[in-house]
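Nothing in this text is a laboratory measurement; each read-out follows from the coordinates by a stated rule. What you see is a predicted model; the values in this text were computed from it and never measured. Positions of Cβ are generated from backbone atoms using ideal geometry, with glycine treated the same way; all protein chains shown enter the neighbour counts.
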Amino acid sequence: MSEPKAEHIKELFFTFAEREREPKTIYVTDLTGCLRAAFYELYFRANPLPTPPMVLGRLLHAVLKDVLVKEFADAEYEKRCEYVLGEGWKLVGRADIVTGDAVYEFKFTRGLGFNKAEPAYAAQVSAYCFMLGKSVGYLVDVDRDTFDVQVLEVKPDEDLWKNMLNEASVLIDSVRKGEPPTLNSPRFGFECKQCAWRIVCDIGREVVKGGSVQ
């Protein structure tokens, strides 16, 4: 057997973390981050390479069932959920763990305590509760360095759900018009630093003139 090549091994990690976007599909996670980044992915039908933190997160999510099967023996893992938005569009999510009456969403973060993205994560859990008909959700923060854990209860919030559906409508309308949205673009200041669309976004609306709308 020949010696494995370092670059090929690295490539395999990133390939594992890739996700192919379905047509006319908005992911719940699109609506927890920068809408402009989601717009570019939808408009150009693109699948940017995942960032290193995304690779690590997906690797850790992949072993959740092996780690937690004794705690959640009868649960469903990576449960797909859908909500019809109309005109062929759909909102799609994938809840980490689903039990009889609850949804559990795991976030592997650097440090516990206050997290600027926490409200967006709570909205994600709330959305899964509405999509799956569950009465309660739990946001499970795991420190990826120490594996300390913090569990936050999330009650389904109808206002958060309606706001998410409104953002989905804004995103669809932006794709139809070929105009990047301004709403929550970016949602958090740190998003731009590692965004695959940063250069395109800096150029502005001119970049979409030669694109194609779904």
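Within the chain, the proportion of Cα pairs with more than 33 Å between them is 17 percent.
For the range 111-162, the relative contact order works out to 40 percent when only alpha carbon pairs closer than 8 Å and six or more residues apart are counted.
Once you divide the Cα radius of gyration of the range 88-172 by 2.2 N^0.38 Å, the number left is 1.13.
Were the residues from ALA46 through GLU87 laid out at 0.36 nm apart, the gain over their Cα-Cα distance would be 12.6 nm.
From the helices alone, meaning DSSP H stretches of at least four residues, give me the mean residue ellipticity at 222 nm for the chain, per-run term -39500 (n - 2.57), in deg cm²/dmol to the nearest 500.
Details: 7 runs with 78 residues, N = 214.
So the helix-based figure for the chain works out to -11000 deg cm²/dmol.
Net charge dipole, the chain: roughly 640 debye, given to the nearest 20, about the Cα centre with Cβ charges of +1 for Lys and Arg and -1 for Asp and Glu.
Sorting check: for 64-74, 171-181, which peptide has the highest mean count of neighbouring beta carbons within 10 Å, and how do the rest follow? Display every interim value, and only then the final one.
Details: 64-74: 11.7, 171-181: 17.4.
So the peptides 64-74, 171-181, ranked by packing, come out 171-181, 64-74.
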